[in-house]
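Asker: Could you have a look at this structure, given as structure tokens, before my questions?
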Amino acid sequence: MSNADRYRQAGFLLGVHDLQQLPPDTGLEVAFAGRSNSGKSSALNLIAGQRALARISKTPGRTQQINFFELGGQRFLVDLPGYGYAKVSESVRRHWRRVLQDYLAQRQALTGLILLMDVRRPLTELDLQMLDWCHHRSLPTHILLTKADKLSRGQAGVVLMKTAATLKQDYPGATVQLFSALKGSGVESVRARLDGWFDWPAPASQA
Ligand SMILES: Nc1nc2c(ncn2[C@@H]2O[C@H](COP(=O)(O)OP(=O)(O)O)[C@@H](O)[C@H]2O)c(=O)[nH]1
Ligand SMILES: [Mg+2]
């Protein structure tokens, strides 16, 4: 099986509303996080080569649960709730902030985090909070600057360079790339990063 095919195996496992409902803390997980509307569902669907794995919403802020997708071999993609949506009540916001913080701090199966940011406004305060939490436990983090098609190639390149420079200084474990679900660009690089974290077994030889 090629590695692109491994992500095509992704199937919905379950969605949870708090940490008590999490599946057993075994195997390998890579979580996806970002502001609501940052393009998380679109990215997950493209990476998995499935049109409707994670619902793409015109109404931001609705995915208020943690969704687990199973890849097989005890490997999982985890869709974390989007943060930063203004119309969410303060109590809901507090609940999810605590859930995210505790999940990132405690989850043993968590092997890496994909952090999505709209290329037109990267590194907001809440994104930096996420980076801090990852940094605290030395969790490898890979940033997708999403919707790269919204900028010219030159403009997008400048944002990439500036973001990389900030990361190098403050979060040396983090890496960054441009991504567009609309154009399908950057998907191979994300899969390569995921491959490194999932450490897939070598395919059986064809002999
Ligand atoms: N132009 C453009 N729009 C995108 C891209 N990715 C997502 N969108 C749009 O941004 C909105 C939010 O996308 P969604 O994947 O639901 O974001 P989520 O809230 O982070 O899961 C939708 O209207 C998408 O069609 C992209 O690469 N380019
Ligand atoms: Mg979504």
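The values are calculated or read from the model by the stated rules, or taken from the named source; none is laboratory data. No experiment lies behind these values; they were computed from the predicted model shown. All Cβ positions, even for glycine, are placed from backbone atoms using ideal geometry, and neighbour counts span all protein chains on display.
Asker: Output the number of the condition that Met117 fails; it satisfies all remaining conditions of (1) part of a strand (DSSP E or B); (2) of a type outside the set (Asp, Glu); (3) farther than 22 Å from Asn37 by Cβ.
Answerer: Every condition holds for Met117 apart from (3).
Asker: Taking Leu46 and the conditions (1) modelled with pLDDT under 95; (2) farther than 14 Å from Arg75 by Cα, which numbered condition does it fall short on, given that it satisfies the others?
Answerer: Tallying (1) modelled with pLDDT under 95; (2) farther than 14 Å from Arg75 by Cα, Leu46 fails exactly one: (1).
Asker: Output the number of the condition that Pro122 fails; it satisfies all remaining conditions of (1) part of a helix (DSSP H, G or I); (2) surrounded by 19 or more Cβ atoms within 10 Å (Cβ to Cβ); (3) touching a Ser or Thr at 6+ places or on another chain (Cβ under 6 Å); (4) of a type outside the set (Val, Ile, Thr).
Answerer: Unmet for Pro122, out of (1) part of a helix (DSSP H, G or I); (2) surrounded by 19 or more Cβ atoms within 10 Å (Cβ to Cβ); (3) touching a Ser or Thr at 6+ places or on another chain (Cβ under 6 Å); (4) of a type outside the set (Val, Ile, Thr): (1).
Asker: Please go through segment 134-174 and give me each residue that is farther than 29 Å from Ala109 by Cβ and touching a helix residue (DSSP H, G or I) at 6+ places or on another chain (Cβ under 6 Å), ordered by number.
Answerer: The answer is Ala148, Ala156.
Asker: Is it true that some residue in segment 9-28 is farther than 30 Å from Lys150 by Cα, assigned to a helix (DSSP H, G or I) and touching a residue at least 40 places away in the same chain (Cβ under 8 Å)?
Answerer: Yes, segment 9-28 has at least one match.
Asker: Enumerate the pairs (first residue in segment 97-113 and within 13 Å of Pro24 (Cα to Cα); second residue anywhere and among the charged types (D, E, K, R) and assigned to a strand (DSSP E or B)) with beta-carbon separation below 7 Å, excluding pairs fewer than 6 apart on the same chain, so at least 6 apart or on different chains.
Answerer: Close Cβ pairs (under 7 Å, with a partner that is among the charged types (D, E, K, R) and assigned to a strand (DSSP E or B)) amount to Arg107/Glu29; Ala109/Glu29; Leu110/Glu29.
Asker: Kindly establish whether Leu71 is part of a helix (DSSP H, G or I) and under 23 Å from Ser189 (Cα atoms).
Answerer: Working: part of a helix (DSSP H, G or I): no; under 23 Å from Ser189 (Cα atoms): yes.
Here the answer is no, as Leu71 does not meet what is asked.
Asker: Arg191 versus (1) assigned to a helix (DSSP H, G or I); (2) farther than 30 Å from Asp5 by Cβ: which is the lone unmet condition?
Answerer: So the condition that Arg191 fails would be (2).
Asker: Would you confirm whether any residue within segment 87-106 is within 14 Å of ligand 1 (Cβ to nearest atom) and in contact with a helix residue (DSSP H, G or I) (Cβ under 7 Å, 6 or more places away or on another chain)?
Answerer: No.
Asker: When you go through (1) more than 25 Å from Gly196 (Cβ to Cβ); (2) within 16 Å of ligand 1 (Cβ to nearest atom) one by one for Leu14, which number turns out not to apply?
Answerer: Condition (2) is where Leu14 drops out.
Quick grid of which residues meet (1) under 23 Å from Leu46 (Cα atoms); (2) in contact with a Gly (Cβ under 8 Å, 6 or more places away or on another chain); (3) hydroxyl-bearing (Ser, Thr, Tyr):
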{"site": "Cys134", "(1), (2), (3)": "no, yes, no"}
{"site": "Leu144", "(1), (2), (3)": "yes, yes, no"}
{"site": "Gln155", "(1), (2), (3)": "no, no, no"}
{"site": "Thr175", "(1), (2), (3)": "yes, no, yes"}
{"site": "Glu188", "(1), (2), (3)": "yes, no, no"}
